[in-house]
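Enquirer: Next up is a structure, given as structure tokens.
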């Protein structure tokens, strides 16, 4: 079992301040049929971490109809929006985990279920005193490595300069575990690889910031 230490805790809001009409009981009833419960052998899984309003999970589900997308997001409004789109677009290969991605990795138990892991625009926690709350750390990359299949890949996008520096440091510290496969390429943009514009991508570009996109391959 993964220890419940500080670095594994989940921070941030679970719902929008303006939308508190739905009770937690009603919310649990709504998401029950979509809930991630277990991992099965010989199933192709894609781990989508911090999915926000679910745009990335919908995109990945359409592009990978023979795989199961596990969408990890604790934000209630975002999950409700994702469920709405799942129903409207008749998508049947998304499972939701309304909580901490470490719970999913614990269930994997290092059995290498995941072919890909997407971490698009994780909360940057911009204040220096909150850097320790950031998801992507050397320890996290090591844990994720245990659960990736052979040649599994990790896709990371961020528009935070300080978070980028930290992630690059983490990549260097795990260079024996991952190969940074677009390191020597001029293409470090999300749209160079995926036609995917999330709410947070659009927010960054409207401010004139081009997010950096990193691709890691398990060694």
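Read-outs throughout are calculated quantities, based only on the coordinates presented, and are distinct from any laboratory measurement. Just so we're clear, the structure is a prediction, and the values are computed from it rather than from any experiment. We place every Cβ from the backbone using ideal geometry, glycine too, and count neighbours over all the protein chains shown.
Enquirer: Using a Gaussian network for the chain with springs between C-alpha atoms less than 10 Å apart, which of these wobbles most: 118, 194, 140?
Expert: So, out of 118, 194, 140, the one fluctuating most is 194.
Enquirer: To make sure I understand, if each residue's beta carbon is the centre and we count other beta carbons within 10 Å, what order do 90, 72 fall in, fewest to most?
Expert: Result, fewest neighbours first: 90, 72.
Enquirer: Suppose a student asked you for the relative contact order of the chain, using Cα pairs under 8 Å spaced at least 6 residues apart; what percent would you report?
Expert: Result for the chain is 20 percent.
Enquirer: If you don't mind, another one. How high is the FRET efficiency from residue 151 to residue 64, r the C-beta distance, R0 22 Å, rounded to 0.05?
Expert: In this case the efficiency is close to 0.85.
Enquirer: Turning to a different aspect of this structure: Add -39500 (n - 2.57) for each DSSP H run of 4 or more in the chain, then divide by its residues: what number comes out at 222 nm, to the nearest 500 deg cm²/dmol?
Expert: Value at 222 nm, helices only, nearest 500: -9000 deg cm²/dmol.
Enquirer: Give me the extension gain from residue 109 to residue 84: residue separation times 0.36 nm, minus the current Cα-Cα distance, reported in nm with one decimal.
Expert: 5.9 nm
Enquirer: Also: In nm, to one decimal, how far is the residue 35 label point from the residue 173 one, both placed 7 Å along Cα→Cβ?
Expert: A separation of 3.5 nm, rounded to one decimal place.
Enquirer: May I ask you to sort 143, 30 by Cβ crowding, counting other Cβ atoms within 10 Å and putting the fewest first?
Expert: 30, 143
Enquirer: Given R₀ = 35 Å, what would the calculated FRET efficiency be for residue 195 paired with residue 25, taking r from the Cβ atoms and rounding to 0.05?
Expert: The value I calculate is 0.35.
Enquirer: Oh, and also: With a ≥ b ≥ c taken as the square roots of the eigenvalues of the C-alpha gyration tensor of the chain, please select rounded if a/c is under 1.5 and otherwise prolate if a/b is larger than b/c or oblate if it is not?
Expert: Verdict is rounded for the chain.
Enquirer: Order by neighbour count: 160, 56, 149, fewest other Cβ atoms within 10 Å first, most last.
Expert: 149, 160, 56
Enquirer: Of the residues 46, 70, 171, which exhibits the maximal mean-square fluctuation in a Gaussian network model of the chain defined by a 10 Å Cα contact cut-off?
Expert: 171
Enquirer: Between 119, 22, 156, which gets the highest mean-square fluctuation from a Gaussian network model of the chain, Cα cutoff 10 Å?
Expert: Maximum among the listed residues: 22.
Enquirer: Pull up the DSSP beta bridges for the chain and report the antiparallel fraction as a percent, rounded to 5.
Expert: 30 percent
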